[in-house]
1. Within the bounds of segment 134-143, is there any residue that is of a type in the set (S, T, N, Q) and farther than 19 Å from L45 by Cβ?
2. Determine whether segment 100-107 contains at least one residue that is of a type outside the set (F, W, Y), within 17 Å of the chain's Cα centre (by Cα) and part of a helix (DSSP H, G or I).
3. Out of L39, L81, L86, L70, I need the residue that is modelled with pLDDT of 85 or more, part of a strand (DSSP E or B) and not aromatic (F, W, Y). Which one?
4. Do you know which residues across segment 99-131 are more than 17 Å from I149 (Cα to Cα) and touching a strand residue (DSSP E or B) at 6+ places or on another chain (Cβ under 6 Å)?
5. Checking the structure you have, find out if any residue of segment 104-118 is over 11 Å from I31 (Cβ atoms), aromatic (F, W, Y) and either without any contact (Cβ under 8 Å) to a residue 12 or more places away in the chain or touching a Leu at 6+ places or on another chain (Cβ under 8 Å) (or both).
6. If you go through segment 118-145 one residue at a time, how many are assigned to a helix (DSSP H, G or I) and modelled with pLDDT of 90 or more?
7. Checking S115 against (1) assigned to a loop (DSSP other than H, G, I, E, B); (2) surrounded by fewer than 17 Cβ atoms within 10 Å (Cβ to Cβ), which single condition isn't satisfied?
8. Pairs under 6 Å by beta carbon, first residue under 19 Å from E150 (Cβ atoms) in segment 51-66, partner at pLDDT below 95 and assigned to a loop (DSSP other than H, G, I, E, B), six or more apart or different chains?
Amino acid sequence: MVRIYRKHRKHFLFHYFKKLAFMKSINILLIEDNEGDILLTTEALEECKIVNKITVKKDGRAAIDFFEYLDDKSAMPDIVLLDVNLPKISGHEVLMYIKGHEKYKQIPVIMLTTSSSEGDIIMSYKNHVNCYITKPVDAIDFIKAISKIEDFWINIVSIPRN
């Protein structure tokens with residue numbers, strides 16, 4: 001039994017350190033106008049074991065400008081967390097912009113919003129959102145949800161790296 005255990009442990013350690021050797025920081029673009037949600041989201045993301053670079057845009061126009069003036073490939077987000085209800089330009093319009101451009105459409109976009117409207121959900125999926133999550137009202141539940149999003153989209157799923 002000890003021999004099998006050591007063999008599996010060596011295999012696990014080999015793959016773990018191999019993954020660490022190739023790991024780079026994850027660029028997350030958070031598009032959110034609510035200061036409280038920005039604070040909770042960034043704190044939850046910063047607690048993760050993976051290195052995250054978090055860029056925050058507080059309205060839809062700023063988000064689209066971010067993509068339009070993006071010239072450094074290293075600043076390209078690996079994941080976008082997007083609110084539906086944004087000032088200036090809605091989250092739906094930002095989603096259509098991202099998914100409508102060949103250069104950006106492979107980036108996973110996660111709607112993270114207070115809206116549980118069936119219309120918002122349907123419109124988001126019609127515009128190719130990768131998933132739609134209604135924000136929990138309770139702060140602790142919100143932090144747990146962010147942790148689960150991060151665990152799934154960063155540790156479990158394989159996403160294209162820019």
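1. No - not one qualifying residue is present in segment 134-143.
2. no
3. Testing whether each residue is modelled with pLDDT of 85 or more, part of a strand (DSSP E or B) and not aromatic (F, W, Y) leaves just L81.
4. Within segment 99-131, S116, I121, S124 meet the criteria.
5. No, because not a single residue in segment 104-118 is over 11 Å from I31 (Cβ atoms), aromatic (F, W, Y) and either without any contact (Cβ under 8 Å) to a residue 12 or more places away in the chain or touching a Leu at 6+ places or on another chain (Cβ under 8 Å) (or both).
6. 9
7. (2)
8. Short answer, once both residue conditions are applied: V51/S25; K53/S25.
The values are calculated or read from the model by the stated rules, or taken from the named source; none is laboratory data. Just so it is clear, the model here is predicted, and its values are computed rather than measured. Note that we place each Cβ from the backbone using ideal geometry, even for glycine, and neighbour counts take in every protein chain shown.
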